[in-house]
Amino acid sequence: MNNLPNLDPNHTSGLDRRSFLVSSAAAGGGFMLGFHIPAGQAATATDAEVNAWIVINADDSVLIRVAHSEMGQGSMTALAMLVAEELDCDWSKVRTEFVDPRLNITRNKVYGGMATVGSRAVRTSHEYLRKAGASARQMLVSAAAQRWNVPAGECQAAASVITHAASNRKLGYGAVAQAAAKLSPPKDVALKDPSSWKIAGKSTMRLDIAEKVMGKPIYAIDVALPDMLHAAIAQSPVFGGKLKSYDEAAIKNRKGVHSVVPLANAVAVVGESYWHAQRALKAMPIAWDDGANGKVTSTEIAAFLTGGLNDSGDVPVARNDGDVKAALAGAAKVIEAEYRVPFLSHAAMEPMNCTVRFTEGGLEVWAPTQNAEAILSAAARASGIEPTKIVVHLTYSGGGFGRRGGAAPGDYVDQAVLIAKAVGRPVKMVWSREEDIQHDFYRPISSIKFAAGLDAEGNPVAWNTRVAGQSILSTANPAGIKNNMDAGFLICFTDNPYDVKNIKVDYAMRNTHVPVGYWRSVNHSQNGYFRECFFDEIARAAGQDPYEYRRKLLKNAPKQLAVLDAVAKKARWGEPLPPGHFHGIAQVDGYGSYVAAVAEISMNADGSPRVHRVTTAVDCGYVVNPDSVETQLQGAVVWALSAALYGEITIKNGRVEQGNFDNYRMLLMAQMPEVDVVQIPSGGFWGGIGEPGAPPVGPAVANAMLAATGIPVRSLPIIKRSTTSV
Amino acid sequence: MINININGKEHAVDVDPDMPLLWVLRDTLGMMGTKFGCGIAQCGACTVQLDGVAARACATPVSAVAGLKITTIEGLSTDGSHPVQKAWIAHQVPQCGYCQSGMMMAVDALLKSSPNPTDAEIDAAITNICRCGTYARVRQAIHTAAKT
């Protein structure tokens, strides 16, 4: 991986050079392959950029450019595998490099969208990446055929070697890469049938792991520059508040303190080390103007949402099949319930941080991100420097989970740019964990009111869903809200796959002053829980097994049904469990994939569950790296359990009450259940994998608790129901 | 000046005695393998070993470690040949990887005191937070490392 922070101030990376070359000739890049740099312009005689994605060196080594962020989800390896598959190169000779976002500007967006969100890296780029590989292979074969003066159709490529069988001649890719780079890319290329894949589809060691076990300086927070200072920051504890005053004199003469930099809603102390800066910041008296929200509490917010559940006014309707009102009126039995979930924080292990160095006429930025182009935009906005003069150094990100790419990805970049500008030296700004948890873009708070009607046979005839909660668009893109509707907030209901004739879904939007954003599995996280838990309440009222009841109502949803059956089979649903153990089941599709989960629990004396085993089954269509899919599903179990069991952000006096891992609790090894992952890829589509594993896990646990106790779990976190620890 | 021994090498550092070892490592000595995650000894991203025992460097003043043998992730091996590193690669444990330096240092310390730990011993000793959720593979890799 050629992405270590550039520690040498005189260093000019290969990308910088290529970017310069390309921007000087940028006019005519097509979308797919852009233009390739003529070999004569390449800086060395040995590396040939065959196309925008692929550089082949004389020693046959292959550099594949990756435009998406790697934050642990494994897409850096998966994307390279897709290119390599069609390139027919020797996988052991592949290395990768992150795309400089400036290149995407100067090359007319040849790299597509760089935002790494919504479990989209593979599913939105597989086609153009495979075409890039196939096109390059064809150019390499053509170059070899020309050299041998034989028809290209007589030549074969495999594992970085081109063979002309009739004359028994062979050439390595490196030997013809220069010539290939001079050829025009083919207009169209055929892609392999996935059944013939040799690299993709096979469990493959990730390219980033060797560095990650050796403590290499591979994260933005690890950057160290000559003459660099360190900044610690305190932001207005109340969202929307402003900095009123601070007493610089109280800390100015402390050893290791360089300066104090005020911002509109924050103040930073700059020092010789992060510790010096942070210690002085804590000691500095700061007064805030809390604005209008300084008294808001969680109780008030809960009442605000309850008002939404009971709003009899005209709220927008997102789905209205049949006649729910009449069907409920005529039902033999009606089941009603209200559910609630709290705000949640991302708490990625690498805190928000950003390092900035002003250069002559330009700027360099290092920041963990899920959206390199947004970092570039933020740095340009904050500095007033045009984007082509800003270098965004891409590094691995210590988690992301939506915090570094969604609602406002540039907040920490803005701050670091302004601080570095004020002090006139390179600055690394690091947020404390408290700043991170208290200045997040939170998973929105939401509540729901259900009513379902059953006929005399226990079949559901009506399902009414009223959602009241905070739209993510209220933070991310307020202009995107039309007629008080945020359709994304109603996912899992608008596409509810259960066969119920009369369905109504409406939404009483209730936006608070707390900023909200995209949190791994986003709106599926709360709506999957709501829907799947209420489903078990309906099944229970109908006197039916929740798995069998799902089967019956998923008769028109074969993919959902297939993962449901697969997970039930693996978990041995319906077979005897150890005494005191109970199963719960749930299924949620999302991000183009289908996932079902079974949780096996027992109840502790205090009313909390002990989760013994979680079994999940997934169909994501085509699988690029099966081992990576497994790790994402394993990780999603942990993500979902931390949230369902413990996760809650509360508000008091307008600010977040939690601040660190002592009061924002995470699952640890001691609570880790056994996890079984069953992959049943059915092919024919490309589903995402970073997020869809999480939504069914929480409701599977809650449904197991319902089975154990007869009491539905209608609010999260679960730990609030018990008196001692889980 | 405070004299400290890190990965077998002596360093004389001119820092406040109460500066946490984490920041001496990162900001004074430029050793970036040890990570900052919480600052209150909760998450374990900063775990190092002091005379072979796991310790959280964010809450350990540098003055307290003079005379002790400090081992950081860079001290396991520089080529990935340490049994814990090999097990971590074999099981493809890291995802984002940020917590893994501390995780591996805690695991290596556990294996020093208990070469073949039970799951219960692992649960008690390994209290590091991983947000990506690598725990299932951490456990497998510990058992693999214990056998080598």
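The values are calculated or read from the model by the stated rules, or taken from the named source; none is laboratory data. As the structure is a prediction and not an experimental result, all values here were calculated from the model. Glycine gets a Cβ as well: all are built from the backbone with ideal geometry, and neighbour counts include every protein chain shown.
Details
- If only residues of the range B:45-64 that are assigned to a loop (DSSP other than H, G, I, E, B) and surrounded by fewer than 24 Cβ atoms within 10 Å (Cβ to Cβ) are counted, the one that is farthest from the other protein chains (Cβ to nearest Cβ) is B:Asp51.
- Residue tally, condition among the polar types (S, T, N, Q) and either farther than 24 Å from A:Arg95 by Cα or not assigned by TED's automatic domain parsing to the domain that holds A:Gln146 (or both), over the range A:179-202: 2
The rows are residues; the columns are (1) surrounded by fewer than 20 Cβ atoms within 10 Å (Cβ to Cβ); (2) within 14 Å of chain B (Cβ to nearest Cβ); (3) modelled with pLDDT under 95; (4) within 31 Å of the chain's Cα centre (by Cα).
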position	(1), (2), (3), (4)
A:Asp222	no, yes, no, yes
A:Val238	no, no, no, yes
A:Lys242	yes, no, no, yes
A:Ser245	yes, no, no, no
A:Gly256	yes, yes, no, no
A:Val260	no, no, no, no
A:Gln278	no, yes, no, yes
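- Residues that are aliphatic (A, V, I, L, M) and within 14 Å of chain B (Cβ to nearest Cβ) within the range A:335-354 comprise A:Leu344, A:Ala347, A:Ala348, A:Met349, A:Met352, listed in sequence order.
- Filter result for the condition that a residue is crowded, with 23+ Cβ neighbours inside 10 Å, modelled with pLDDT under 95 and within 25 Å of A:Phe685 (Cβ to Cβ), over A:Val122, A:Val110: A:Val122
- Contacts under 9 angstrom Cβ, first residue in the range B:42-55 being at pLDDT 95 or above, partner among the acidic types (Asp, Glu), 6 or more apart: B:Gln42/A:Asp662; B:Ala45/A:Glu350; B:Gln49/B:Asp108; B:Gly52/B:Asp108; B:Ala54/B:Asp108
- Subset of the range B:88-107 (residues that are within 12 Å of the chain's Cα centre (by Cα) and assigned to a helix (DSSP H, G or I)): B:Gln100, B:Ser101, B:Gly102, B:Met103, B:Met104, B:Met105, B:Ala106, B:Val107
- Residue in the range A:364-377 that is part of a helix (DSSP H, G or I), more than 21 Å from A:Gly398 (Cβ to Cβ) and either within 14 Å of another protein chain (Cβ to nearest Cβ) or at pLDDT below 95 (or both) present: yes
- The criterion of at least 3 residues that are over 20 Å from A:Pro351 (Cβ atoms) is met by the following helices (runs of 4 or more DSSP H) wholly inside the range A:203-309: A:209-212, A:249-252, A:298-309.
- Residues that are among the aliphatic types (A, V, I, L, M), facing chain A (nearest Cβ under 10 Å) and assigned to a helix (DSSP H, G or I) within the range B:108-130 comprise B:Ala120, B:Ile122, B:Ala124, B:Ala125, listed in sequence order.
- Matching option when the condition is within 9 Å of chain A (Cβ to nearest Cβ), under 16 Å from the mean Cα position of the chain (by Cα) and in a helix (DSSP H, G or I), among B:Gln85, B:Gln42: B:Gln85
- Taken over the range A:183-205, the criterion of being within 11 Å of another protein chain (Cβ to nearest Cβ) and touching a Pro at 6+ places or on another chain (Cβ under 8 Å) is satisfied by A:Ser203 alone.
- Among the candidates B:Gly30, B:Gly97, B:Gly102, residue that is free of Cβ contacts under 8 Å to residues at least 60 places away in the same chain, small (Gly, Ala, Ser) and not assigned by TED's automatic domain parsing to the domain that holds B:Asp18: B:Gly97
- Qualifying residue in the range A:335-344 (condition: more than 14 Å from A:Val413 (Cβ to Cβ) and free of Cβ contacts under 8 Å to residues at least 40 places away in the same chain): no
- Taking the range A:127-178 as the range and being in contact (Cβ under 8 Å) with a residue 60 or more places away in the chain and either outside the structural domain of A:Thr96 (by TED's automatic domain parsing) or small (Gly, Ala, Ser) (or both) as the test, the residues that pass are A:Ala132, A:Gly133, A:Ser135, A:Ala136, A:Ala157, A:Ala158, A:Ala159, A:Ser160, A:Gly172, A:Gly174, A:Ala175, A:Ala177.
- In the range B:65-80, residue surrounded by the most Cβ atoms within 10 Å (Cβ to Cβ) [restricted to those that are away from chain A (no Cβ under 14 Å) and outside any loop (DSSP other than H, G, I, E, B)]: B:Val65
- Breaking point among (1) in the same structural domain as A:Gln235 (by TED's automatic domain parsing); (2) in a loop (DSSP other than H, G, I, E, B); (3) out of contact with any Phe, Trp or Tyr (no Cβ under 8 Å at 6 or more places or on another chain), for A:Ala331: (1)
- For the range B:131-142, the set of residues classified as assigned to a helix (DSSP H, G or I) and in contact (Cβ under 8 Å) with a residue 12 or more places away in the chain consists of B:Arg137, B:Val138, B:Arg139, B:Gln140, B:Ala141, B:Ile142, listed by residue number.
- Flag for A:Gln658 being surrounded by 19 or more Cβ atoms within 10 Å (Cβ to Cβ), part of a loop (DSSP other than H, G, I, E, B) and within 14 Å of chain B (Cβ to nearest Cβ): yes
- Screening the range B:88-100 for residues that are surrounded by fewer than 24 Cβ atoms within 10 Å (Cβ to Cβ) and facing another protein chain (nearest Cβ under 7 Å) and picking the one that is nearest to A:Val629 (Cα to Cα) gives B:Gln92.
- Test for B:Thr34: is it within 11 Å of chain A (Cβ to nearest Cβ) and crowded, with 21+ Cβ neighbours inside 10 Å: yes
- Verdict on A:Asp606 being of a type in the set (D, E, K, R), more than 9 Å from chain B (Cβ to nearest Cβ), touching a residue at least 60 places away in the same chain (Cβ under 8 Å) and crowded, with 24+ Cβ neighbours inside 10 Å: no
Rundown of residues vs (1) in contact with a Ser or Thr (Cβ under 8 Å, 6 or more places away or on another chain); (2) modelled with pLDDT of 95 or more, yes/no style:
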{"position": "A:Trp53", "(1), (2)": "no, yes"}
{"position": "A:Gly72", "(1), (2)": "yes, yes"}
{"position": "A:Arg102", "(1), (2)": "yes, no"}
{"position": "A:Val117", "(1), (2)": "no, no"}
{"position": "A:Gly133", "(1), (2)": "no, yes"}
{"position": "A:Leu140", "(1), (2)": "no, yes"}
{"position": "A:Trp148", "(1), (2)": "yes, yes"}
{"position": "A:Cys155", "(1), (2)": "yes, yes"}
{"position": "A:Ser160", "(1), (2)": "no, yes"}
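- Cβ-Cβ under 7 Å pairs, at least 6 apart or on other chains, the range A:632-652 side more than 11 Å from every other protein chain (Cβ to nearest Cβ) and over 14 Å from A:Tyr529 (Cβ atoms), far side at pLDDT below 95 and surrounded by fewer than 24 Cβ atoms within 10 Å (Cβ to Cβ): A:Tyr646/A:Ile719
- Filter pass, A:Arg404 being touching a strand residue (DSSP E or B) at 6+ places or on another chain (Cβ under 7 Å), in contact (Cβ under 8 Å) with a residue 40 or more places away in the chain and of a type in the set (Lys, Arg): no
- The set of residues from the range A:540-598 being acidic (Asp, Glu) and not in a helix (DSSP H, G or I) comprises A:Asp545, A:Glu575, A:Asp589.
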